[in-house]
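Below is one structure; the comments refer to it alone.
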Amino acid sequence: MSQRFAGVGVSAGRVIGPVRRMPEAIPAPADGAPLPEGVTAEQESARLAEATRTVAAGLKERAATATGDAAAVLKATALMASDRSLLKSATRLVASGTCAESAIWEAADAVATQLSALGGYMAERATDVLDVRARIVAELRGVPAPGIPDADVPFVLCATDLAPADTATLDPTRVLALVTSGGGPQSHTAIVARSLGLPAIVAAAETTVLADGDVVFVDGIDGTVVREPGAAEAALAEAYASRVSLPDFDGSGALADGHRVPLLANVGSGADAVDAAAAGAEGVGLLRTEFCFLGRDTEPTHGEQVRAYRAVFDAFAGSKVVVRTLDAGADKPLPFLTDDSEPNPALGVRGYRTDAAVPGVLERQLAAIADAEAASGAEVWTMAPMISTPSEAAAFAARCAHAGLKTPGVMVEVPSAAVMARQVTSEVAFASIGTNDLTQYTMAADRQLGPLAEFNDPWQPAVLHLIQTTCDGGAASVGGPKPVGVCGEAPADPALAVVLVGLGVATLSMNRRALPAVAAILKTVDLAAARRIAELALGAGSAAEARSLVRHELPELDVFGL
Ligand code: PEP
Ligand code: MG
């Protein structure tokens, strides 16, 4: 009999396929555990060498058939597995009476610590060493290796949640869909699924009972998983497979009546910006500058920052690039700037607030942005994250002016900034709503917690009301109307994009892969229809009701399988 599981759909698509479960993480062996009874050090060393050879050969084989990022990750890991010095140190420990598992664990720990201390590229290699160590221990124990499982046929990957290292080797031609029992709409799993275009459901807590070989229907639109699907699910998957393919984005977002809605991209590196420009993005609506700070123990130099920002600006010469100043803290901790002992980091010294705690970093960043702008042809707008009051907005605008940056703005992520939008936007040139944080703060639900995923949904009518308040505040700003854009994950949902425009949002910024779908659906409504649809969403009593009322008004969503 079929069985239904509810979760949160975070990436559209409907497929049927067999389950493969992500193996659990390998637990650490006991510290310095002795050689097993009756086993000599020579025998144990031979066993360890054999396990190491098998792991290296397996990784090399996979690297040879993989492409792109996956091939690079597998090659680097294979190289680490063949590293003689790692095996030598482990063998020395075996010779002194430690069992193979504990020896390789300890030896790899020492190598990883040394690499981490070197910083930069070498520090990133520490993860490869730890991955190799887990694979060797799995081989010694005769249990499945950690990481994405291998299978002859494409499968639905079920996991608790996926870590960045897991997803680097995720091959979208082998994985049909992702289902996690944990995670939330902004988890790494959700972000990766959207960027690969894989159907995905997160926070489906009950799916832990699914086992290898179970056949499931995954509905990333409705957020349901069905074990032993029947004819109805088969028909839905069939209809999805024969959907009309989306036209490429033509580089000019607009409604059916020609009302312009510039479609911009969220980017996190120079390479990202190049891809976004190639996808037709009309500019960058959110440059997450953390990419040049995260994972570092010290602040990047002026030159490093200028080079990093230039790489993005050069990809959008002649277009708008909205730079968000450093947003450290909470989900983006930075050792030299944030205090990891705070009891509530999301409510702590984060975003713009870090400037008061550690003065200088923001000023130096603004100087680097200004120098990068001067050397490029991009039209640079600069905004601060986590602004809560009009006086913070005014202080930030003054900082920008001092640095020679002409277009200062604020992110509206805190409900107080939304409620005070008229006064806040009066101090700056524009506002951009960060729906990820605005949702977590409106609903008082940590965006990183899977069990709270239902609250962390930008379709929550309370969030939509605050977006409308922000747009109204921007329109009534002292000195004339100020544009209000949105740059959180919300605009990537084409149905929600229509609602946002109906609420008064001027520009939408999203993952570049969402551009064709959003552009196609915006073209099916005029401004009057978008406003009427937005009213329906505002009047709903729940996120689910808002979503379903709006989807009902947009029949083209089904045509395109969105
Ligand atoms: C947001 O909060 O919506 C946002 C765009 O910022 P981030 O996701 O980087 O916090
Ligand atoms: Mg944010």
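Express the carbon and sulfur contribution to the solvent-accessible surface of the chain as a percent, rounded to the nearest whole number, probe 1.4 angstrom.
56 percent
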So which lysines pass the test for LYS320, namely a Cα distance under 20 Å, with those fewer than 8 places away in the same chain ruled out?
LYS406, LYS482
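Once you have a ≥ b ≥ c as the square roots of the Cα gyration tensor eigenvalues for region 41-141, tell me rounded if a/c is under 1.5, and otherwise prolate or oblate according to whether a/b is larger than b/c.
Numbers: a/c = 2.70, a/b = 1.33, b/c = 2.03.
The shape class here is oblate.
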Can you give the log10 of the normalised intensity I(q)/I(0) at q = 0.07, 0.08, 0.09, 0.12 Å⁻¹, computed with Debye over equal Cα scatterers of the chain?
-0.45, -0.59, -0.74, -1.22
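So for ARG547, ARG14, what's the accessible-area order with a 1.4 Å probe, most first?
Numbers: ARG547 65, ARG14 35 Å².
In descending accessible area the options line up as ARG547, ARG14.
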Could you give me the ³J(HN,Hα) list for region 211-217, computed from phi with Karplus coefficients 6.51, -1.76, 1.60 and θ = phi - 60°, whole Hz, x at Gly and Pro?
10, 3, x, 4, 9, 10, 9
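Is there a quick way to get the dipole size of region 241-377? I mean about its Cα centre, with the Cβ of Lys and Arg at +1 and of Asp and Glu at -1; what is the value in debye to the nearest 20?
180 debye
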Would you work out the relative contact order for the chain, in percent, from Cα pairs under 8 angstrom that are 6 or more residues apart?
14 percent
On the principal axes of its Cα set, how long, how wide and how thick is region 305-413? Give whole Å, largest value first.
44, 28, 23
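Leaving ligands, DNA and RNA out of it, rank MET386, MET1 by accessible area with a 1.4 Å probe, largest first.
MET1, MET386
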Quick one: what does P(r) look like for region 232-389 with 5 Å bins over all Cα pairs, in whole %?
2, 9, 15, 17, 15, 12, 10, 7, 6, 5, 2, 1, 0
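With a probe of 1.4 Å, find how much accessible area region 41-141 has per residue, and write the answer as a whole number in Å².
On the way: 5010 Å² over 101 residues.
Averaged over the residues of region 41-141, the accessible area is 50 Å².
Taking the Cα centre of region 41-141 as the origin, how large is its charge dipole in debye, to the nearest 20, when only Lys and Arg (+1) and Asp and Glu (-1) carry charge on their Cβ atoms? Spell out each step's value before the answer.
Working: 12 positive and 13 negative charges, 40 e Å.
Using Cβ point charges on Lys, Arg, Asp and Glu, region 41-141 gives about 200 debye.
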Output the Kirkwood hydrodynamic radius of region 392-492, Cα pairs only, in Å rounded to one decimal.
13.8 Å
Size of electric dipole in the chain: Cβ of Lys, Arg +1 and of Asp, Glu -1, about Cα centre, debye, nearest 20
820 debye
Which of the three applies to region 363-430, rounded, prolate or oblate, going by the alpha-carbon gyration tensor with a ≥ b ≥ c and a/c under 1.5 meaning rounded?
prolate
Degrees separating the helix 361-374 axis from the principal Cα axis of the chain, which is the longest one:
70 degrees
Mind checking which aspartates and glutamates have their C-alpha under 16 Å from LYS75, skipping anything on the same chain fewer than 8 residues away?
GLU61, ASP83, GLU124, ASP128, ASP131, ASP166, ASP171
For LYS88, the aspartates and glutamates lying under 17 Å Cα to Cα, once residues fewer than eight places off in the same chain are dropped, come out as GLU42, GLU44, GLU50, GLU101, GLU106, ASP109
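Is the C-alpha gyration tensor of region 263-342 telling us rounded, prolate or oblate? Criteria: a/c under 1.5 is rounded; beyond that, a/b larger than b/c is prolate, otherwise oblate.
Working: a/c = 2.94, a/b = 1.89, b/c = 1.55.
Taking the square roots of the gyration eigenvalues as a ≥ b ≥ c, region 263-342 is prolate.
Skip the ligands, DNA and RNA, and give the accessible area per residue of region 263-559 with a 1.4 Å probe, whole Å². Let's see the in-between values first.
On the way: 10740 Å² over 297 residues.
About 36 Å² of surface per residue is accessible.
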What fraction of the Cα pairs in region 1-97, stated in percent, has a spacing above 16 angstrom?
73 percent
Find which of PRO343, LEU294, ALA317 sits farthest along the positive direction of the dipole of region 263-559, computed with +1 on the beta-carbon of Lys and Arg, -1 on that of Asp and Glu, about the Cα centre.
ALA317
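So what is the calculated 222 nm ellipticity per residue for the chain, using -39500 (n - 2.57) for each DSSP H run with n of 4 or more, over all residues, to the nearest 500 deg cm²/dmol? Display every interim value, and only then the final one.
Working: 22 runs with 251 residues, N = 562.
Rounded to the nearest 500, it is -13500 deg cm²/dmol.
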Which of the peptides 202-214, 297-309 is most tightly packed, and how do the rest follow, going by the mean number of other Cβ atoms within 10 Å of each residue?
202-214, 297-309
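Equivalent ellipsoid semi-axes for region 6-58, as square roots of 5 times the alpha carbon gyration tensor eigenvalues: give them largest first, rounded to whole Å. Don't skip to the answer; put the middle values down first.
Values: eigenvalues 343, 52, 17 Å².
Three semi-axes, in Å: 41, 16, 9.
The values are calculated or read from the model by the stated rules, or taken from the named source; none is laboratory data. These figures come from a predicted structure and were not determined experimentally. Glycine gets a Cβ as well: all are built from the backbone with ideal geometry, and neighbour counts include every protein chain shown. These area figures cover heavy atoms from the full protein model, side chains too; ligands, DNA and RNA do not enter into them. Shrake-Rupley method; radii C 1.70, N 1.55, O 1.52, S 1.80 Å.
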